[in-house]
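The values are calculated or read from the model by the stated rules, or taken from the named source; none is laboratory data. This is a predicted model, so every value here is computed, not measured. In this analysis, Cβ positions are derived from the backbone assuming ideal geometry, glycine residues included, and neighbour counts consider all displayed protein chains. Surface accessibility is based on the protein's heavy atoms, side chains included, excluding ligands, DNA and RNA. Shrake-Rupley method; radii C 1.70, N 1.55, O 1.52, S 1.80 Å.
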Amino acid sequence: MDKTNKNITDSSNLFDRYFKSNMAVMLIINPITKMIVDANPAAEKYYGWSHKQLLDMNIGQINTLSAEQIAAEMEKARTNRRSFFRFKHRKANGEIRPVEVFSTKIEVDGHEYLHSIVHDASEQEKAELELKHSHELMRYIIEHNSSAVAVHDRNMNYIYVSQSYLKQYEVSENDVIGKNHYEVFPDLPEKWRIVHQKALKGEVSSADDDLYIKDDGCEVWTRWECRPWYDSDGSIGGIVVYTEVINEHRQRELKINQLNHRLKSLITALQELTTSKTIEQVQNIVVHSARKLIGADGATLVFSDNNQCYYVAEDAMEPLWKGKRFPIDSCISGWVMQNKQVALIPDIYSDSRVPHTDYKSTFVKSLVMVPINVSEPIGAIGNYWKSNYKPDEIELGLLQTLADSAARAIESINVLNEIERKAVERTRRLEASFLANMSHEIRTPINSIMGFSSLLPDEESRDIMCNYADIIVRNSEHLVHIIDDIVMYSRLQAKMMAYQTMEFNICNLFHELKHIFAPQAQQKGLSLVFENEIECNNLIKTDYDKLKQVFVSLIANAIKYTEKGTIRVYAQKAHNHYIFSVSDTGIGIPKTEQDKIFERFFRGSNTRKETVPGTGLGLSIVKELIELLDGDVWVESNPDEKPGEKGSVFSFSINSRETK
Ligand code: ADP
């Protein structure tokens, strides 16, 4: 054996040993016939066919590809274009296994063969599937999270973005993947660059509610977090940014805060209403709270008053209708009260219930009006807006609660006022009856003093006692006069004087008055003239005694305050009432005192208090009596005028009852 042949024999022995003893599955295939030319024991073991069986087999019986596909793949191996393949191989027991095949061309005796090393790839494929699955799972988790996710590498190039990120930032995957973040968003605020840099150094940043304003001016509230991600060697591979738009959440939060705030205002208003003492206080609280409660541009309070809507109070950015009255049929508050319903009008100019002409000059575009005391409305509360606005259920509820509480507050104030009025009335009556009793008690001893002084026993002692007796009598008379005045005034005040009508003619009354006063006038050298322009057969129907009492007081005063001249008593009929007057040429009343003389206990500076007797009650009684007679009293007086024009004129009017 020459050296060359020996070498060949050695090498074929070596290959044979290598082939047979190799743990790896090996096949020798004829690329033309596709027949298995040889298979090693590892192949027999792996496939489950005997050596003999394998040598009778075509590779197409093992490889699951079609004959054409096998031919094409083999051609690649044969021409050295490819040596690594992934196939599926069938085993004797029918199992199909993924395999990796390393195939190279060998030449034996001038023939080409393919030497394939087959490696079972089941485990690897399983691992790959698991990896793929975990990638898909990760993607699934990210995509179904409410946050938009972007993953960047160390250079801030996009590696991955979630669908919600694309949607949120209105970009496509092509716009971003592989691109630099700062090139995609060149106007990104500096704060973000800082956040990214921090994350690249391992620091996590986040915010719970961050506001940014979009180019179109829209506000966007976000919650975000920026953190690093790590490579398998533990180094920072890049960053992940999670962003969640929380506009809805934020709006809900704002709504809750707003509601809390409104409830607090409502509670304050309710507390204030329960402690308010007057209707005016209620009015103020209602309009201020109503406006504040829903953040309206204006609020009004309307009361129903004699078939009219009376706009009593308002709190508005510009004046509305405070103090005005409108017929109940031609105002929206009237509609609310009559229908016992809320009026909710987002656009007043498209609602025929609104009297548009009354709104033209105002800022109002929308309104809501709720009734006060729904079952039997006594008024309404209105809220107004300068632009179109429709309050929601909650806002309406708040306003109606305010209206209901206002109704209760008004009701309690009315009840309290009534109780107070009754208490005052009762006190007045008690006082009056006390005074009446007291006067009786005082009167009795005085009367007896007067009686006794006129019954003094004899001439002599009467002479001695005369002066004292005069004084006693004068003072006693004065005392009686004071008491009579007080009693009369108290009874009038306590409404204890009943109105007693009777029919009479003025001539008779004047006759009686003349009879009473002629002596006094004559004594003072005054003329007393009665001028009656009313026919004597004209019957007047009123309270005779009270009318007489008025004349008595006025004529007595006229005589008292006049030193010379004339007292003129005058009567006249005008339409359905009568006008009377008592004029004098006396000292007159200073201008500054003329509106005070009807006050009780007021005595003018012209009385030289000590010398002119009086109580300061006469004219107060006159005023009360005339009020009782449905009349009016007034005075004209010239204290310092030229002689002849000096004096006072007291006039009064009364209605005759039959004209009522
Ligand atoms: P008096 O008891 O003081 O007269 P009145 O109530 O009757 O009380 O009158 C109140 C005041 O009005 C008097 O004190 C007086 O100053 C003034 N007065 C009333 N009548 C006349 C009058 N005819 N002339 C001038 N002053 C008068």
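Just subtract the alpha-carbon distance of residue 534 and residue 415 from 0.36 nm times their residue separation and send over the number in nm, one decimal.
38.0 nm
Once the Cα atoms of helix 506-524 and of the chain are each reduced to a long axis, what angle between those two axes, in degrees from 0 to 90 to the nearest 10, is obtained? Result, in degrees: 60.
Using Cα centres only, tell me the gap between segment 237-287 and segment 580-621 in whole Å. Cα centroid of segment 237-287 versus Cα centroid of segment 580-621: 63 Å apart. Residue separation of residue 424 and residue 79 scaled by 0.36 nm, minus their Cα-Cα distance, works out to 111.5 nm of gained length. Apolar share of the accessible surface for segment 235-305: 53 percent from carbon plus sulfur atoms, 1.4 Å probe.
For the listed peptides 154-162, 494-502, a ranking on the average number of other beta carbons within 10 Å per residue, highest first, reads 154-162, 494-502. A crude spin-label estimate for the pair residue 515 and residue 251, with each label 7 Å from Cα along the Cβ direction, gives 9.4 nm. Using a cut-off of 22 Å between Cα atoms, the listed pairs 167/198; 277/495; 20/45 include 167/198; 277/495 as exceeding that distance. Angle of helix 393-454 to the longest C-alpha principal axis of the chain, folded into 0 to 90 degrees and rounded to 10: 20°. The largest-to-smallest principal axis extents of the Cα set in segment 3-120 are 47, 29, 22 Å.
With every protein chain kept in place and ligands, DNA and RNA left out, what is the accessible area per residue of segment 502-655? Probe 1.4 Å, answer in Å².
On the way: 7770 Å² over 154 residues.
Normalised by residue count, the accessible surface of segment 502-655 is 50 Å².
Residue order by solvent-accessible surface for 230, 47, 544, 349 is 230, 349, 544, 47, largest first, with ligands and nucleic acids left out and a 1.4 Å probe.
Listed by chain and number, the lysines placed with their C-alpha closer than 20 angstrom to that of residue 132 are 88; residues fewer than eight positions away on the same chain are left out. Per residue, the solvent-accessible area of segment 3-120 (1.4 Å probe, heavy atoms of protein chains only, all protein chains present) comes to 58 Å².
Probing with 1.4 Å while keeping every protein chain in the model, the per residue accessible area of segment 126-245 equals 63 Å². Taking 25 Å as the limit for the C-alpha separation, the pairs 264/340; 514/646; 324/623 exceed it in the case of 264/340; 324/623. Taking the inverse of the mean 1/r over every pair of distinct Cα atoms in segment 351-438 gives a Kirkwood hydrodynamic radius of 16.7 Å. Computed over protein heavy atoms with a 1.4 angstrom probe, the accessible surface ordering of 206, 352, 304, largest first, is 352, 206, 304. Placing R0 at 35 angstrom, the Cβ-Cβ distance between residue 86 and residue 232 gives a FRET efficiency of 0.90 after rounding to 0.05.
Antiparallel beta bridges, as assigned by DSSP with both residues in the chain, represent about 95 percent of the total such bridges. Straight-line cross-link partners of residue 524 among the aspartates and glutamates, defined as a Cα under 14 Å from its Cα and at least 8 positions apart when in the same chain: 563, 584. Length available on full extension from residue 596 to residue 105: 0.36 nm per residue minus the Cα-Cα distance, which gives 162.9 nm.
Accessible surface ranking for 424, 633, 1.4 angstrom probe, highest first: 424, 633. When the alpha carbon gyration tensor of the chain is reduced to an equivalent ellipsoid, the three semi-axes, largest first, read 128, 25, 22 Å.
Peptides 208-215, 479-486 ordered by packing proxy, namely the average of other Cβ atoms within 10 Å per residue, highest first: 479-486, 208-215. Between 152, 98, 114, whose Cα lies farthest towards the positive end of the dipole of the chain when Lys and Arg beta carbons carry +1 and Asp and Glu beta carbons carry -1, centred on the Cα centre? Ranked along the dipole, the leading option is 114.
What FRET efficiency, computed as 1/(1 + (r/R0)^6) with R0 = 30 Å and r the Cβ-Cβ distance, is obtained for residue 177 and residue 122, rounded to the nearest 0.05? Computed FRET efficiency for residue 177 and residue 122 comes out at 0.35. A simple rule links phi to the HN-Hα coupling: the Karplus curve 6.51 cos²θ - 1.76 cosθ + 1.60 with θ = phi - 60°, which for segment 583-598 gives 10, 9, 10, x, 6, x, 10, x, 3, 5, 9, 4, 8, 9, 5, 8 Hz, with x for Gly and Pro. Packing order of peptides 507-513, 535-541, highest average first: 507-513, 535-541 (average count of other Cβ atoms within 10 Å over each peptide's residues).
Over the chain, dividing the summed -39,500 (n - 2.57) contributions of all DSSP H runs of at least 4 residues by the number of residues returns a 222 nm mean residue ellipticity of -14500 deg cm²/dmol. For a label point 7 Å from the Cα of residue 61 along Cα→C-beta, name the residues of segment 79-121 whose backbone N is under 14 Å from it. 90-94, by backbone N distance to the label point.
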